[in-house]
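Comments concern the structure below.
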Amino acid sequence: MNNARGYLAEYLVGTALGIQELQRIEWDSYDLLLGEITIEVKSSAYLQLWDQKELRTLNFTGLQGIRSNPRAPDGGRDALGRRLNAMLYVFCVQTATSHDVYDQLNVAQWDFYVVSRSDLASTNQNSLGIARVKSLSGGATAWDDLKAAVTAAAVGQERDDDADWWGA
């Protein structure tokens with residue numbers, strides 16, 4: 001299903017990074033944690049589950065999010081509002097252009113683009129098309145090379161205050 005693609009992308013990236021305990025926490029401020037590196041995973045694909053007249057335009061939305069926590073006052077929303085909540089963003093594209101060859105579990109059919117928080121912040125955008133993602137990342141990273149690319153891109157990246165922002 002199209003709505004499950006994001007979950008699969010998180011699993012593929014987490015597996016490539018060697019994260020042993022992959023846990024999905026809905027509405028968390030980032031998707032994956034590799035040591036101290038916070039990672040947001042975004043996904044897109046040319047194909048939808050249904051028949052199409054033309055391939056889908058690749059676009060990544062919701063780059064800036066609002067942190068939330070059910071233990072926080074006032075409905076659990078961070079007063080700082082929308083912002084980039086991860087040190088790195090991995091943009092994942094399922095590249096199949098025909099339903100006949102589509103295999104969502106074949107990592108060779110995925111392109112992965114690693115973009116640092118600071119590079120993404122420089123755009124001041126909440127959504128990006130694939131051309132901008134390619135430009136910011138310097139090109140696709142193979143699934144086997146994701147851990148090295150993520151580790152390298154994390155150097156010098158900082159997060160906003162990750163303390164208990166809702167109070168002690």
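Every number here is computed from the coordinates shown, using simple stated rules; none is lab data. All values derive from a computational prediction rather than experimental measurement. Cβ: placed from backbone, ideal geometry, glycine included. Neighbour counts: every protein chain shown.
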The answer for THR38, listing residues at least 5 apart or on another chain whose modeled amide H is closer than 5 Å to its amide H, is MET87, LEU88
At R0 = 22 Å the Cβ-Cβ FRET efficiency linking GLU54 and GLN23, nearest 0.05, sits at 0.05
Computed for segment 2-154: size of charge dipole around the Cα centre, +1 on C-beta of each Lys and Arg, -1 on C-beta of each Asp and Glu, debye to nearest 20, value 500 debye
In nanometres, the difference between 0.36 nm per residue of separation and the alpha-carbon distance of VAL107 and ALA142 is 11.7 nm
